[in-house]
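Some notes on the structure that comes next.
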Amino acid sequence: MRLLPWAGADGKACYLSTDDPGSLLSRLADDIEAAQLSSAEQVLAGARAVLHDPKAGERAVRFALTRVVESLGDVLRIAVSRGGDNR
């Protein structure tokens, strides 16, 4: 079972049951995960810039933190889907 990088309509996790890593849904999940990781890199760079800017106001810091939290959630979901959940 593969944890997919999106939630269902009810907000619950979605799983894919297939032995074919080349299936349409597997490839779509791979593409979305790649986009999420790329986005996380950009978010991290932006957040670092905000943190290094002594003139950054509360709104900029809150916006950056909100995006970082979203990206971290995506990255953790990807890590879990690849067997990285060692809780």
Requested in this report: Give the residues of the stretch 1-59 that are open to solvent by 70 Å² or more (accessible area, probe 1.4 Å), over 15 Å from SER81 (Cβ atoms) and within 15 Å of the chain's Cα centre (by Cα), sorted by residue number.
Outcome: GLU41, GLN42, LEU44
Report task. Scan the stretch 7-51 for residues that are among the hydroxyl-bearing types (Ser, Thr, Tyr) and modelled with pLDDT of 95 or more and jot them down. Result -> SER38, SER39
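For (1) part of a helix (DSSP H, G or I); (2) within 17 Å of LEU3 (Cβ to Cβ), each residue gets a yes or a no:
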position: ALA35; (1), (2): yes, yes
position: ALA45; (1), (2): yes, no
position: ALA56; (1), (2): no, no
position: LEU76; (1), (2): yes, yes
position: ALA79; (1), (2): yes, yes
Requested in this report: Please give the number of the condition ASP74 fails out of (1) free of Cβ contacts under 8 Å to residues at least 24 places away in the same chain; (2) surrounded by 12 or more Cβ atoms within 10 Å (Cβ to Cβ).
Outcome: (1)
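The values are calculated or read from the model by the stated rules, or taken from the named source; none is laboratory data. Here the structure is a predicted model, which is why all the values come from computation and not from measurement. Cβ: placed from backbone, ideal geometry, glycine included. Neighbour counts: every protein chain shown. Remember, those area values only see protein heavy atoms, side chains included, never the ligands or the DNA or RNA. Shrake-Rupley method; radii C 1.70, N 1.55, O 1.52, S 1.80 Å.
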